[in-house]
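Structure record follows, encoded as structure tokens.
The values are calculated or read from the model by the stated rules, or taken from the named source; none is laboratory data. If you're wondering where the values come from, they're calculated on a predicted model, not measured in any experiment. A quick note on method: Cβ atoms are made from the backbone with ideal geometry, for glycine too, and the neighbour counts reach across all protein chains shown. When the accessible area is computed, the model is the full protein with side chains, heavy atoms only, and any ligands, DNA or RNA have been set aside. Shrake-Rupley method; radii C 1.70, N 1.55, O 1.52, S 1.80 Å.
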Amino acid sequence: MIGTYETGKGGKSRPRSFWLLLLLEMSTIIVAVMLGFWVNEWRENRQHQAQVEEAKYRVASELNYNHPRMAMLYSYYDLILRNIEARIANDPDFNPMTSYGYQIEDFRGAMPPLLRSSTFHMLLNSGILAHFDVETADDIAFIYNMQRIIETLDQAILSSVSDDTGFTRIATIRHTFGLFTELIPIVLATYEVHGLKHFAAHGFRNEIEHERLREAIAFQMAEFQ
């Protein structure tokens, strides 16, 4: 049995069980510290997972605002462009260089997209994006970087409106609306390919009724897959 003695300093004897008890206590402290670190790490991971899950719902909500807005505006831009071409073809006195949008049927103004990207900026600034898996984080960044093209055009248009009182000239409208009808299908294709993959389960929807837009999106999707 562990009951033998050993001589310590000063000639005093201590039982061997004392050292085993001391070793056991030290081991217990070490285990407790390690367990505390593990619990803290587990709690942090749970907190990060909760933040990521909440962020996914917020991204899906933002996409659900931008997606139908782009689809609606594509339909409007396409309609106005077609009305302009019809007016040019049917009215020999109509001069697109000296005419304005109000002279075109169904024209309701420039109507820039004014898309939202505040959730993405929040994910970047808060560091939450770093807790997403690499593929999802990369796809989110890709979606918003593509969307940034339209946002940049938005800013250019708003600057032009403030500086140019003749912004709604037919020639300008044809150019601007033509750019949007080219860019919107590209951005919506990224929504279709990457948005649905990551955010359909969090409420993202992608309904498109405009046949021409559906065809343009399908063409662009082939480039992203």
Exactly one of Leu196, Leu183 is in contact with a helix residue (DSSP H, G or I) (Cβ under 9 Å, 6 or more places away or on another chain) and of a type in the set (A, V, I, L, M), and that residue is Leu183
Picked from the stretch 209-225 (must be more than 21 Å from Arg148 (Cα to Cα) and touching a residue at least 60 places away in the same chain (Cβ under 8 Å)), the residue surrounded by the fewest Cβ atoms within 10 Å (Cβ to Cβ) is Glu209
Only one of Ala55, Ala60 is modelled with pLDDT of 90 or more, surrounded by 11 or more Cβ atoms within 10 Å (Cβ to Cβ) and in contact with a Leu (Cβ under 7 Å, 6 or more places away or on another chain), namely Ala55
In the stretch 63-75, residues that are open to solvent by less than 80 Å² (accessible area, probe 1.4 Å) and either over 28 Å from His131 (Cβ atoms) or modelled with pLDDT under 95 (or both) total 7
Being under 15 Å from Glu62 (Cβ atoms) and either open to solvent by less than 90 Å² (accessible area, probe 1.4 Å) or of a type outside the set (Phe, Trp, Tyr) (or both) narrows Ile149, Ile128, Ile170 down to just Ile128
When Leu188 is run through (1) surrounded by 15 or more Cβ atoms within 10 Å (Cβ to Cβ); (2) not in a helix (DSSP H, G or I), the failure sits at (2)
Flagged in the stretch 100-118 as part of a helix (DSSP H, G or I) and buried (at least 18 other Cβ atoms within 10 Å of the Cβ), in numbering order, are Gly101
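Table: residues versus (1) aromatic (Phe, Trp, Tyr); (2) within 18 Å of the chain's Cα centre (by Cα).
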| site | (1), (2) |
| --- | --- |
| Ile186 | no, yes |
| Tyr191 | yes, yes |
| Gly195 | no, yes |
| Phe204 | yes, yes |
| Glu209 | no, no |
| Leu213 | no, no |
| Phe219 | yes, no |
| Ala222 | no, no |
Checked the stretch 43-68 for anything touching a Lys or Arg at 6+ places or on another chain (Cβ under 8 Å) and either free of Cβ contacts under 8 Å to residues at least 12 places away in the same chain or of a type in the set (S, T, N, Q) (or both); matches are Asn64, Asn66
Counted residues in the stretch 152-167 being open to solvent by 40 Å² or more (accessible area, probe 1.4 Å) and either basic (Lys, Arg) or in contact (Cβ under 8 Å) with a residue 24 or more places away in the chain (or both) come to 2
Note on the stretch 77-94: residues open to solvent by 50 Å² or more (accessible area, probe 1.4 Å) and touching a residue at least 24 places away in the same chain (Cβ under 8 Å) are Leu79
